[in-house]
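Worksheet for the structure shown next.
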Amino acid sequence: MYLLEVAQRAAHIGYSETNIVTGIWQSSPMLDEIYGIDRFYIRHFENWVNLIHPDDREQLLNILAEVKKDGTPFRAQYRVIRYKDGQCCWVEAWGSIEYENSRPVRFICTVMDITERKLTEIELDQYRRSLEAQVAERTKALDQSNKRLAAALEVAEAASMAKSDFLANMSHEIRTPMNAIIGMTGLLEQEAMDPGQREKLKRITAAGDHLLALIEDILDLSRIEASKVVLYPSIFRPRDLVAQCINLLSDTINDKGLRVECHIEPGVPGVLLGDVARIKQILINFGSNAVKFTERGFIQFSVFEISNNGESALVRFEVEDTGIGIDREVIDRIFLAFEQADSSTTRRYGGTGLGLAICKRLAKLMGGEVGAESTLGLGSKFWFTARLELANELDASEGGESMLQPVADLSTVDFNGARILLVEDNSTNQEITKDVLEKAGFCVDLSDSGRDALERIKLGSYELILMDTQMPGMDGIECARQIRKMPGCFEVPIIALTANAYEHNRLNCLAAGMNDFIAKPVKVSILNEKIKHWLAQSNQKPPIPKPQPVLPSPQDNQPVDHEIERFLDKLEELLETKDSAAFRIIRSDSALLASALGSRENEIRRLIESFEYVKALEALRSLRASTRQDT
Ligand code: ADP
């Protein structure tokens with residue numbers, strides 16, 4: 001008994017025994033200490049209740065009532081107000097009822113002083129709460145600063161957008177008068193007899209070309225910086241891509257008598273997926289610099305695979321020359337905007353000093369880097385890397401090869417007298433372009449507005465339409481859309497002329513049903529080349545079935561069967577050759593399209609509109625096969 005008491009004292013555990021019938025209780029010395037009572041304290045039930053903290057009484061009495069009812073032992077934590085000094089302490093109690101002859105007689109209770117533990121818990125809880133409050137406060141502050149950041153970002157994005165729009169507008173404003181200057185100079189050059197004058201005119205043209213190149217580069221750089229440049233991946237063969245770049249540079253390479261070499265490392269994948277135009281842009285920039293700064297020796301283009309993870313490859317393209325080389329001190333600076341290794345090179349070799357800065361940003365956009373190694377007087381090697389997805393030969397043959405399509409041989413085709421409608425509101429541009437076209441042997445009609453163009457097209461037939469995109473009233477995009485809806489007009493080539501050089505403007509033109517795009521100021525050679533290309537394209541094609549205005553038949557208002565068959569034959573043929581005219585034919589006559597494709601109209605239209613020609617062809621064939629079975 002003595003040992004038990006020692007143990008209880010050490011553990012701060014007391015003990016009580018209550019007579020259920022009389023409510024009188026007895027307590028162990030340790031319990032007296034916990035409760036702060038002495039042996040004179042009258043131990044009846046009410047006096048026990050008086051020791052409990054008023055806030056905990058009700059809960060404790062409820063527990064006791066439950067225990068009395070079903071006899072299950074209980075365990076509870078509550079506060080006690082010590083009798084002796086009124087101090088509050090926490091206890092944990094375990095209690096159970098003892099029975100005699102199945103009647104409850106005693107209530108036995110063990111009480112442990114847990115004040116210290118409880119205080120620690122309370123303190124911890126307070127810490128936790130204050131910590132939570134601090135976290136909440138910080139989160140709120142963070143939220144607020146995030147909101148401020150987001151607002152600032154929005155302002156910055158708006159500013160960058162405004163800058164980008166400003167540049168686009170500025171470029172438009174500069175291009176329009178430049179168009180007049182370059183165009184007029186071109187005409188004068190053709191007419192001028194005096195060699196001295198011709199020389200001066202040549203210089204004006206060269207200065208104009210330089211200014212234009214500068215505008216293009218500034219625009220490109222600012223668009224990349226405003227994150228407005230999106231990559232348009234397509235499938236290509238690295239070998240062919242390099243060959244095309246060399247081809248483009250071949251005139252100047254030959255003029256200088258340089259040797260050109262091409263090395264494609266055997267490990268480089270045969271076909272890859274990447275933005276061909278941007279890869280070419282970098283290679284041409286490196287290549288034309290190499291040619292520009294090399295007087296004798298060779299230019300070597302090389303392609304290596306650096307790594308390959310089965311899905312994509314990191315590919316390195318290099319252009320090496322035996323030219324003047326670059327000073328070690330300046331080599332790191334040449335990738336910065338407006339930096340040229342030697343300021344005198346601007347005068348001697350020309351250039352904007354922006355090309356390499358653009359290359360650096362483009363390579364980064366493609367997940368790669370750029371760099372250069374050089375020895376003054378011996379030559380330079382410029383390289384860039386790009387992460388490119390792997391593709392397979394099948395994909396390449398399924399339409400990724402648009403860049404490799406053979407160009408029609410234009411020299412054998414005679415376009416003399418071809419009728420062209422020029423839609424242009426600016427009188428200077430009208431004069432220049434008409435003059436250029438007539439000199440090339442075309443017959444030109446003029447329209448100075450979209451509305452007028454539509455009227456003229458109704459009256460006469462044109463073999464090609466040149467369409468200014470920005471005109472007051474109906475603009476060129478809307479006008480092209482309207483033309484495509486006119487009977488018999490879904491095939492006539494429409495070429496956009498625009499001072500707006502953004503990629504999305506180009507896509508807008510194509511989406512409106514136009515075939516091509518020429519940026520202003522229009523260069524005579526490009527204009528003639530494109531016109532001839534598109535005239536040749538439409539000459540090569542068999543006559544296109546005009547979607548006849550649908551004649552109401554006596555029975556119903558549906559197009560007659562042979563029209564539908566002819567339409568389906570044509571559509572199938574266009575899809576087979578992946579000809580984008582399929583895109584236009586489905587927009588030309590909605591009634592014919594609906595009758596021809598029936599319930600599959602939407603599906604096939606959607607496939608064609610997303611240029612999924614192979615799938616569209618499959619769907620069309622399965623539709624035709626099932627129709628044939630039905631009949
Ligand atoms: P630019 O239009 O002036 O050529 P780039 O950004 O393409 O602008 O080139 C910046 C400068 O880097 C050039 O002006 C020239 O000084 C130097 N540079 C570039 N490529 C070569 C090269 N292959 N050999 C020597 N110098 C080069």
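Rolling a 1.4 angstrom probe over the protein chains, ignoring ligands and nucleic acids, what is the accessible area of residue 117 in square angstrom, nearest 10?
110 Å²
Suppose accessible area is computed on protein heavy atoms with a 1.4 Å probe; arrange 304, 107 from highest to lowest.
Ranked from most to least accessible, the order is 304, 107.
Quick check for you: with a 1.4 Å probe and neighbouring chains kept, what is the accessible area per residue of the chain, in Å²?
55 Å²
Give the calculated FRET efficiency between residue 102 and residue 140 to the nearest 0.05, with a Förster radius of 51 Å applied to their Cβ-Cβ distance.
FRET efficiency, residue 102 to residue 140: 0.20.
Volume per residue, Å³, of the convex hull around the alpha-carbon atoms of segment 448-501?
74 Å³
Mind checking the dipole of segment 248-308: about its Cα centre, +1 per Lys or Arg Cβ, -1 per Asp or Glu Cβ, Debye to the nearest 20?
The dipole of segment 248-308 has a size of about 160 debye.
Could you tell me which helices of the chain pass both thresholds, a Cα extent of 27 Å or more along their own axis and a mean Kyte-Doolittle hydropathy of at least -1.0, with helices taken as whole DSSP H runs?
115-191, 195-225
Apply 1/(1 + (r/R0)^6) to the Cβ-Cβ distance of residue 389 and residue 225, taking R0 = 22 Å, and write down the FRET efficiency to the nearest 0.05.
0.30
Using the Cα centre of the chain as the reference point, and only Cβ charges (+1 on K/R, -1 on D/E), how large is the resulting charge dipole? Debye, rounded to the nearest 20.
So the magnitude is around 480 debye.
Please list 218, 586 from largest to smallest accessible area, probe radius 1.4 Å, with all protein chains kept in place.
The most accessible residue leads, giving 218, 586.
Strictly over 18 Å apart at the Cα level, which of 292/530; 202/256; 434/520; 200/530 would you flag in this model?
Check vs 18 Å cut-off fails for 292/530; 202/256; 200/530.
Taking the full set of protein chains and a 1.4 angstrom probe, give the accessible area of residue 83 in square angstrom, rounded to the nearest 10.
140 Å²
Students sometimes get this wrong: rank 176, 185 by accessible area, probe 1.4 Å, all chains present, largest first.
The residues order as 176, 185, largest area first.
Binning at 10 Å from 0, report for the chain what percent of all alpha-carbon pair distances ends up in each bin.
P(r) over the chain, rounded to whole percents: 3, 11, 16, 16, 12, 7, 4, 4, 7, 8, 7, 4, 1, 0.
Determine how large the accessible area of residue 5 is when every protein chain is in place; take a 1.4 Å probe and give Å² rounded to the nearest 10.
Roughly 80 Å² of residue 5 is accessible to a 1.4 Å probe.
I want the antiparallel fraction of DSSP beta bridges within the chain, as a percent rounded to 5.
Of those bridges, close to 70 percent are antiparallel.
Subtract the Cα-Cα distance of residue 262 and residue 214 from 0.36 nm times their separation in residues, and report this length gain in nm to one decimal.
Full extension from residue 262 to residue 214 adds 14.3 nm.
With each run of n ≥ 4 DSSP H residues scored as -39500 (n - 2.57), what mean residue ellipticity at 222 nm is computed for the chain after dividing by its residue count and rounding to the nearest 500 deg cm²/dmol?
-17000 deg cm²/dmol
Where does the Debye-calculated log10 I(q)/I(0) of segment 201-245 sit at q = 0.17, 0.18, 0.20, 0.28 Å⁻¹, using only Cα point scatterers of equal weight, no solvent?
One equal scatterer on each Cα of segment 201-245 leads to -0.78, -0.80, -0.82, -0.87.
For residue 485, go through the lysines and keep the ones whose alpha-carbon is under 18 Å away, minus same-chain ones fewer than eight residues off.
Candidates past the 8-residue exclusion: 458, 546, 570.
Compute the distance in nm between two label points, each set 7 Å from the Cα along the Cα-to-Cβ direction, one at residue 10 and one at residue 252.
In this crude label model, residue 10 to residue 252 measures out at 9.7 nm.
Between residue 194 and residue 328, 0.36 nm times their residue separation minus their Cα-Cα distance comes to what?
So the chain would gain 43.5 nm between residue 194 and residue 328.
Sequence neighbours fewer than 8 away in the same chain don't count; with that in mind, list the aspartates and glutamates whose C-alpha is under 12 Å from residue 615.
By straight Cα distance, residue 615 reaches 398, 572, 576, 603.
For the pair residue 459 and residue 615, what calculated FRET efficiency results from E = 1/(1 + (r/R0)^6), where r is the Cβ-Cβ distance and R0 = 35 Å, to the nearest 0.05?
Once the sixth-power term is evaluated, E becomes 0.30.
Report relative contact order for the chain in percent, whole number only (criteria: Cα-Cα under 8 Å, sequence separation at least 6).
Relative contact order comes out at 8 percent.
Once you put a point 7 Å from the Cα of residue 336 and another 7 Å from the Cα of residue 3, both along the Cβ direction, what distance in nm separates them?
Each label point is offset 7 Å from its Cα along the Cβ direction, giving 8.9 nm.
Leaving out ligands, DNA and RNA, what percent of the accessible area of the chain is carbon and sulfur, probe 1.4 Å?
Heavy-atom surface of the chain belonging to carbon and sulfur, 1.4 Å probe: 53 percent.
With only alpha-carbon atoms counted, please give the Rg and Dmax of segment 10-133, in Å.
Rg, Dmax (Cα atoms, Å): 15.8, 58.
The values are calculated or read from the model by the stated rules, or taken from the named source; none is laboratory data. Since this is a predicted model, take the numbers as computed values, not measurements. All Cβ positions, glycine included, derive from the backbone under ideal geometry; neighbour counts span all protein chains shown. These accessible areas exclude ligands, DNA and RNA; they are computed on the full protein's heavy atoms, side chains included. Shrake-Rupley method; radii C 1.70, N 1.55, O 1.52, S 1.80 Å.
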